[in-house]
Each structure stands twice: as C-alpha cells, then as structure tokens.
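One structure is given here, and the rest of the page talks about it.
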Amino acid sequence: MKPIALITGASGLIGGYLVRSASRWVPDWDVRAVTRNEVDLTDRARVQRLWDRHRPDLVIHCAALSRTGLCEQDPAQARLINVEATRLLAGLARDVPFIFLSTDQVFDGAKGQYVETDAIHPLNVYGHTKAEAEQVVFENPAHAVVRIALTAGTSPTRDRSFVEDMVRSAAKGAKLTLFTDEFRCPMPAGALVRALWEFGVQRRPGLYHLGGHERLSRWEIGELVAARFPELRSSIRPGSVADYHGPPRPPDLSMRSEKIQALLSFPLPGFRQWLTENPSESGDLWDYPAAR
C-alpha cells in the first residue's frame, strides 16, 4: 500500500496546488485532501475521527485564517484556527512527520533578508498567531515549520492569492496603491509546492524558509503582474509605506532560503525570472511546467 499524506486546507491556495500536483511529484504517495467544508479542524471529535480514518504517514498543515484583516477583526477566531487547530493536529501526528506552513509575517520587517536564526517580532495578529503555532509545533523535535513567502497562484475558490485579489479589485474599479518601499520574496505556487513535496518526503525536522530568490518591492511585483494581466495597468499606482494609515505593515519581509534550497533538486526561481521564462498562452501561469 502507498503511504498516505494528509493535506489540510485543500481548498486554499497552497493546499490546492499540493493536491493537484501530487501525481506529478509524489506518484508513490496516496494524497488525502481535507477542506474546511468537510472537517472543522477546531472540533476535536471530528478531527480525531478524521485521523482514525486516514492514519497518515505525513501531514502538511496548510489550513489557516490567513487574511490579515480578518485576523485583526477577530483575534480569538484567528488564534482558534491558527494555534489551537495546529496544536490538535500536531498532537495526533506525534509519531509521524508533520509540516506546518508558517509565514514571513512573523518578522517585523525592520531588517529584511531574514534567515532561520533571526529573532521574530510579529506586528499583526496573523503573525502573532503563526509565531505561537510555531512554538506548539516545535514541542515535537521531529516536526518541521516552513515559513513561506508571498505566493502567486490560482486557488480553487479564485480568491486566495494576491494576484487574484488584484485582478478582482481592478475589475471593481478600485485603484491599488503599491508601495515602492515594502519588500517581499514572491514565488509562484507551482514551484513552491514542488519544493514542499520534495522536502516533505525527506522527513527533515526543524525550521526552514521558502521563497523566491529575488527581493522585490510591492510596486515591482505589481508591474510584473500587470505585464501579464493588462487590465491591471490602469489600476495600479506607486506609493510609500510612510503615507499609509492603518495597522502596522512590516516594510521588508524578504527571506533567504538557502537552508531548504540545499535539500532540493531544482533552483528556487525568482518572480521576475519565472514570468520571463514561462509563457502564459495555455494552462496555469503559476504552475510548474510539466517539461521541467
């Protein structure tokens, strides 16, 4: 029998790509998808039944309340989903590899080019809940945390990636201010999940960063996306974090990913490089080309 991999958050961006790409990258595994509609991961009895039914050999925990605005509006719900559901699953997975997807937003953005040994200091509720969940996961030294960067992709519900958000907002006539002094290391979803699958089957515990190798401003990212989605061109405009009024925004969440790169069979791409090398005439622009 094939070993079983359990993917939570399968209706989300990363979870959806993990499930769809499994036959390509891990054909010897039986992948079981779990969505929010199927199982409430904060319901202990239902999660126990889920575990008893599948008895997985690997868990990749993608499910989260990841919208920063929603987390700010309801911190208790954010903690319930991001921390307590993780605690429950990690406890059930005490004897099998467990990979928790965290975020670059555990940092305050004051430094940039973060490595795994840098101290964390989240500025928003989402980052705080993810940082707390990381500590829950690390209670088991056999488990792993992978902090992922801003990810471009097409989600099953068409409303989970930053590109989808931009296109949807532009369609409604909104003007999007993209900061020239706020930095990330964006990555296409297809390449990110290929890395997760390669990493996941190696049974490597510990903390890892996973992002693209290019540090780009939000404005640079927007210009690159608009080159592929012309309907965005008239909707984006440059701005500065200094003029922003709202919840704190980390100015530089760029991360270095050399630690996980050393375990992979392919180079992690940069966002500009990806868009230059991958035509969008057919298929999913953000998926990993089958020929590679």
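The values are calculated or read from the model by the stated rules, or taken from the named source; none is laboratory data. None of these values were measured; they are calculated from a predicted model. Reconstructed Cβ throughout: ideal geometry from the backbone, glycine too, with neighbour counts over all protein chains shown.
Being among the aliphatic types (A, V, I, L, M) and either within 18 Å of the chain's Cα centre (by Cα) or buried (at least 23 other Cβ atoms within 10 Å of the Cβ) (or both) is the filter; apply it to the range 94-118 and report the residue that is farthest from VAL136 (Cα to Cα). The qualifying residue farthest from VAL136 (Cα to Cα) is VAL115. Being touching a residue at least 40 places away in the same chain (Cβ under 8 Å), of a type in the set (S, T, N, Q) and either more than 27 Å from HIS128 (Cα to Cα) or touching a strand residue (DSSP E or B) at 6+ places or on another chain (Cβ under 6 Å) (or both) is a description that does not apply to SER11.
Here is a yes/no grid of residues against (1) among the aromatic types (Phe, Trp, Tyr); (2) not in a loop (DSSP other than H, G, I, E, B):
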position: SER234; (1), (2): no, no
position: ARG249; (1), (2): no, no
position: ILE260; (1), (2): no, yes
position: PHE266; (1), (2): yes, no
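What are the residues in the range 49-72 that are of a type in the set (S, T, N, Q) and part of a helix (DSSP H, G or I), if any?
Restricting attention to the range 49-72, the residues satisfying the condition of being of a type in the set (S, T, N, Q) are 66, 68.
Across the range 49-72, the qualifying residue is only THR68.
The residue list GLY127, GLY109 contains one member that is on the phi > 0 side of the Ramachandran plot and at pLDDT 95 or above, which is GLY109. Examine the range 162-178 for a residue that is under 19 Å from the mean Cα position of the chain (by Cα) and closer than 25 Å to LEU58 by Cα, and state whether such a residue exists. No, that holds for no residue. With respect to ALA189, is the statement that it is closer than 23 Å to ILE60 by Cβ and in contact with a Ser or Thr (Cβ under 6 Å, 6 or more places away or on another chain) true? When the stated conditions are applied, ALA189 passes them.
Yes or no, residue by residue, for (1) more than 24 Å from ILE148 (Cα to Cα); (2) touching a Leu at 6+ places or on another chain (Cβ under 7 Å); (3) surrounded by 13 or more Cβ atoms within 10 Å (Cβ to Cβ):
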residue	(1), (2), (3)
LEU13	no, no, yes
ARG20	no, no, yes
SER23	no, no, no
TRP29	no, no, yes
VAL34	no, yes, yes
ASP43	yes, no, yes
ARG46	yes, no, yes
ARG49	yes, no, no
ASP52	yes, no, no
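Before we move on, is VAL225 of a type in the set (A, V, I, L, M, F, W, C), over 17 Å from the mean Cα position of the chain (by Cα) and over 20 Å from PHE266 (Cα atoms)? Here the answer is yes, as VAL225 does meet what is asked. Scanning the range 227-257 for residues that are in contact (Cβ under 8 Å) with a residue 12 or more places away in the chain, charged (D, E, K, R) and surrounded by 12 or more Cβ atoms within 10 Å (Cβ to Cβ) returns ARG228, ARG249, ASP252, ARG256.
State yes or no: is THR117 among the hydroxyl-bearing types (Ser, Thr, Tyr) and closer than 28 Å to HIS213 by Cβ?
yes
For the range 1-48, what are the residues that are assigned to a loop (DSSP other than H, G, I, E, B), charged (D, E, K, R) and within 24 Å of SER66 (Cβ to Cβ)?
Across the range 1-48, the qualifying residues are ARG36, GLU38, ASP40, ASP43.
Look through the range 50-81, keep the residues that are among the β-branched types (Val, Ile, Thr) and touching a helix residue (DSSP H, G or I) at 6+ places or on another chain (Cβ under 7 Å), and return whichever of them is modelled with the lowest pLDDT.
THR68
For the range 119-137, the candidate set comprises residues that are charged (D, E, K, R) and under 15 Å from the mean Cα position of the chain (by Cα); within that set, the residue that is surrounded by the fewest Cβ atoms within 10 Å (Cβ to Cβ) is GLU134.
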